[in-house]
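Working notes for the structure below.
The values are calculated or read from the model by the stated rules, or taken from the named source; none is laboratory data. Because the structure is predicted, anything quoted here is derived from the model rather than measured. A quick note on method: Cβ atoms are made from the backbone with ideal geometry, for glycine too, and the neighbour counts reach across all protein chains shown.
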Amino acid sequence: MSADHSSPALIAGAFDLTFQRVVPVTAAQLWQGWTNAETLKQWFTPAPWKTIEAEIDPRPGGIFRTVMRGPNGEAGGGGVGCVLDAVPNERFVWTTALGPGYTPNTVQDGGFHFTGILEFLAPPSDAPRGSTLYRATGRHATQASADQHAAMGFEVGWGLALDQLVALFA
């Protein structure tokens, strides 16, 4: 029997939400956008919401923390997670199921855990120079969690945030 040496981050889950798009920014810019707290605060939350705090230690076991505010001062989203995988300019993976140092996180009332998988891949050969194939996956443990995340607007919200990240580097 041969061992499977595939990265766990890349093995599709039964309850994944995924979208991908070729974007006119480099993998290095996407990496900076996701792993530099000051950069992330400029684009991460779809407007008119804002990310008012961010803390990121882009190494396995490191922290991924955000605090978001709505246009009327309301709190929402954000939280504390743990980085699982970080390959500069290629992949950034974190989970809300764990906190920094792989400590278990509890689920907030009405919430759910998920693992965010960002991949910065080579674009198709006909893509403009300097482009990257961006793939975002939200991996969930249950269909109910995936459905809840989809109903919150996973694809639309993450797509709008990606547009803001691209605009930041345009």
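Listing for the model above:
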read-out: Criterion: surrounded by fewer than 16 Cβ atoms within 10 Å (Cβ to Cβ) and of a type in the set (Gly, Ala, Ser) - qualifying residue of 141, 146; value: 141
read-out: Residue list for segment 122-153, restricted to those being at pLDDT 95 or above, outside any loop (DSSP other than H, G, I, E, B) and more than 24 Å from residue 82 (Cβ to Cβ); value: 132, 133
read-out: Hits in segment 22-60 - residues which are within 14 Å of the chain's Cα centre (by Cα), in a strand (DSSP E or B) and under 26 Å from residue 122 (Cα atoms); value: 56
read-out: Residue selected from segment 32-86 under the condition in contact (Cβ under 8 Å) with a residue 60 or more places away in the chain and among the hydroxyl-bearing types (Ser, Thr, Tyr), by the criterion surrounded by the fewest Cβ atoms within 10 Å (Cβ to Cβ); value: 39
read-out: Residue in segment 78-90 that is part of a loop (DSSP other than H, G, I, E, B) and over 16 Å from residue 35 (Cα atoms) present; value: no
